[in-house]
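One structure below.
The values are calculated or read from the model by the stated rules, or taken from the named source; none is laboratory data. Here the structure is a predicted model, which means the values were calculated and not measured. Cβ sites come from the backbone with ideal geometry, for glycine too, and all protein chains shown count toward neighbours. Side chains included, ligands, DNA and RNA excluded: accessible areas come from the protein's heavy atoms. Shrake-Rupley method; radii C 1.70, N 1.55, O 1.52, S 1.80 Å.
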Amino acid sequence: MSSARALVWFKRDLRLFDHAPLAQAMQFESAAGLLVIEPEWLHSPECDPQHVAFYLACAAELQAKLAALGLPLLVRTGSMPAVLQALHQQWRFTHLLSHEETGPLWSYRRDQEVARWSTSASVQWLELPQNGVVRRLRSRDGWARRWLQRMNAPTAAEPTGFKGAAGLQAEALPSLRELGLSTSGRQLPAAGEGAAWHTLDDFLAERARPYRQALSSPLTAPHSCSRLSVHLAFGTLSMRSVHQTTEARIAGCGDRELAWALRSFASRLRWHCHFMQKLEDEPSMECHNLAKSVNGLRAGDGTPLDAVHTERLQAWCEGRTGYPMVDACMRQLRATGWLNFRMRAMLVSFAAYHLWLHWREPGLFLARQFLDFEPGIHWSQMQMQSGTTGINTLRIYSPAKQARDHDPEGRYVAQWVPEFGSSAYPQPIVDEVSALRHAKETLYGLRNSPQAQQQAQALQDKHGSRKSGLPQTGRRRAGAPAPQPSGQARLQGELF
Ligand SMILES: Cc1cc2nc3c(=O)[nH]c(=O)nc-3n(C[C@H](O)[C@H](O)[C@H](O)COP(=O)(O)OP(=O)(O)OC[C@H]3O[C@@H](n4cnc5c(N)ncnc54)[C@H](O)[C@@H]3O)c2cc1C
């Protein structure tokens, strides 16, 4: 492409392998990479310094790899339109190449501004998909098949070299301190594309073997779950790479136990995109209940929290609710930035049903704690575990049952709540029996109304999963986007 200049905008896709915009940039006369630390991100209520620290560590590895291929990675701090405008004056790029992003509201609005800027500057912005999320989806029918087609498609050409951008040099990445942030003190996992592949290989080779039995307990899950969520969230690995490497491992593995475990893992990769698709289709769901019938029900839904619920929220965030399993999970999460699925669900269920808190504030707090924060999964799960989707079975987790099932000897609680059993440990913050009676009576009453049922059907059509027609991958687990129950079954609350 003579005189065409490509600017590759890196967002949450900090890798070389299977990076379609990067592969396209090789065709251009000259190219440069761009990484922007946006104040809108730093100031967003979901952002925590741990995210920025991990992002910068991934970016440092990426910058070195790109430099070796002759592509300078420019680093700017500022709002996107202003950054693009200044850079365009300096270096008249003709194309902006990036991946599509399903992000929170601030990034959604930013993308709209970037689109406007590109049009006004006559720059062609090419956005390419990087997972199974479909932009401008018309219908959920056939979605799973489409996901599989995308995942089985060849990976993008590996970059071998770039023609270079005359006069542009790579720039140093800022430190946390230069960005005005202090470290969270947490030990972060190894960052970057190399670490991501190592985590995947290590999981597929052996770590996955007990996956199905081990993923529910907070004692065994940290080792036996893949721990790939953070790499998928920051894009150090593409979903297609994980899918294809896993399928190849299954195909070449004569070990039935391991293959069975990996099948179970592989099905979750589809859930990842299934949940992200919901936010893509309905960006407002990060702030508003999907089911309008539950609007205004809980504390903090449209009105400020009163003193009682403020104290409940505070106690939940600090891991001092007087429910040892809840407090242990919260403390583990705060210390490490990760928690397994079941325990995440229990924390949210406790906030929603026991404490009667609306999901938005607890969700923002958890978003800051989860290093793997992925908006589409996160807000879908916050709503699902709080019973505000209108289409999922109400799942109320009993902390005592979770402790019996997944920490029968009390080792996990002893590790994270050493004062449990002494006078230093608080009394339960709410009475479980009366709190759950109130929650169930209120919610079942609402769900039974004709309006709620009508709305549930519309929500199911728009967001619910369809029977995929894909091979069955074993018994469905909590959190799986299975075909939704209908009629009375949908109205039953289950105690987990
Ligand atoms: C309230 C709540 C909030 C959550 N927020 C996030 C989030 O911000 N980011 C995030 O990646 N996951 C989130 N999850 C889903 C799940 O808990 C994590 O994906 C998982 O614990 C990550 O660990 P892993 O990579 O070892 O998972 P594995 O068990 O090894 O699973 C492999 C991958 O499959 C996907 N996956 C697994 N379970 C789910 C699920 N239930 N829904 C969607 N995708 C899934 C993830 O990409 C995960 O990395 C949330 C769950 C709940 C209940």
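General remarks:
- First in the range 419-437 and free of Cβ contacts under 8 Å to residues at least 40 places away in the same chain and over 14 Å from P399 (Cβ atoms), second anywhere and aromatic (F, W, Y) and open to solvent by less than 70 Å² (accessible area, probe 1.4 Å), Cβ under 9 Å, 6 or more apart: E419/Y425
- Looking only at the range 377-403, and only at residues there that are among the small types (G, A, S) and closer than 12 Å to F350 by Cβ, the one that is surrounded by the most Cβ atoms within 10 Å (Cβ to Cβ): S386
- Restricting the range 349-361 to residues that are over 16 Å from D431 (Cα atoms) and crowded, with 23+ Cβ neighbours inside 10 Å leaves a set whose member that is nearest to the ligand (Cβ to nearest atom) is W359.
- Residue within the range 246-256 that is within 15 Å of T199 (Cβ to Cβ) and near the ligand (Cβ under 10 Å from one of its atoms) present: yes
- Applying the criterion of at least 2 residues that are touching a Lys or Arg at 6+ places or on another chain (Cβ under 8 Å) and either under 16 Å from K11 (Cα atoms) or outside the structural domain of H463 (by TED's automatic domain parsing) (or both) to the strands (runs of 3 or more DSSP E) found wholly in the range 73-157 leaves 95-99.
- Within the range 97-137, considering residues that are among the basic types (K, R) and under 19 Å from R270 (Cα atoms), the one surrounded by the most Cβ atoms within 10 Å (Cβ to Cβ): R135
- Qualifying residue in the range 57-68 (condition: in contact with a strand residue (DSSP E or B) (Cβ under 9 Å, 6 or more places away or on another chain), open to solvent by 30 Å² or more (accessible area, probe 1.4 Å), free of Cβ contacts under 8 Å to residues at least 40 places away in the same chain and over 18 Å from A195 (Cβ atoms)): no
- Number of the exception - R334 against (1) within 22 Å of the chain's Cα centre (by Cα); (2) within 14 Å of the ligand (Cβ to nearest atom); (3) at negative phi: (2)
- Long-range neighbours under 8 Å by Cβ, at least six apart or interchain, first residue hydroxyl-bearing (S, T, Y) within the range 441-459, second in a helix (DSSP H, G or I): Y444/L491; S449/S293
- The listed residue being out of contact with any Phe, Trp or Tyr (no Cβ under 7 Å at 6 or more places or on another chain), at pLDDT 95 or above, of a type in the set (G, A, S) and within 21 Å of L228 (Cβ to Cβ), out of A190, A86: A190
- Residues located in the range 177-193, provided they are over 19 Å from the mean Cα position of the chain (by Cα), surrounded by 12 or more Cβ atoms within 10 Å (Cβ to Cβ) and over 17 Å from F370 (Cα atoms): L179, L181
- Note on the range 404-425: residues that are assigned to a loop (DSSP other than H, G, I, E, B) and surrounded by 14 or more Cβ atoms within 10 Å (Cβ to Cβ) total 5.
- Boolean, L168 is open to solvent by less than 80 Å² (accessible area, probe 1.4 Å) and either under 26 Å from W271 (Cβ atoms) or not in a loop (DSSP other than H, G, I, E, B) (or both): no
- Top-ranked residue in the range 213-235 [being open to solvent by 60 Å² or more (accessible area, probe 1.4 Å) and within 11 Å of the ligand (Cβ to nearest atom); ranked as nearest to D405 (Cα to Cα)]: H223
- Number of the exception - M382 against (1) in contact (Cβ under 8 Å) with a residue 40 or more places away in the chain; (2) within 15 Å of the chain's Cα centre (by Cα): (1)
- Any hit, the range 175-185, residues being touching a helix residue (DSSP H, G or I) at 6+ places or on another chain (Cβ under 7 Å), hydrophobic (A, V, I, L, M, F, W, C) and in a helix (DSSP H, G or I): no
- Within the range 248-266, residues that are assigned by TED's automatic domain parsing to the domain that holds L215 have Cβ atoms under 6 Å from residues that are surrounded by fewer than 13 Cβ atoms within 10 Å (Cβ to Cβ) in these pairs: S264/G474, counting only partners at least 6 apart in sequence or on another chain.
- Check on R368, more than 10 Å from the ligand (Cβ to nearest atom), surrounded by fewer than 22 Cβ atoms within 10 Å (Cβ to Cβ), closer than 27 Å to S449 by Cβ and not β-branched (V, I, T): no
- Options S293, S264; residue that is in contact with a helix residue (DSSP H, G or I) (Cβ under 8 Å, 6 or more places away or on another chain), assigned to a helix (DSSP H, G or I) and near the ligand (Cβ under 10 Å from one of its atoms): S264
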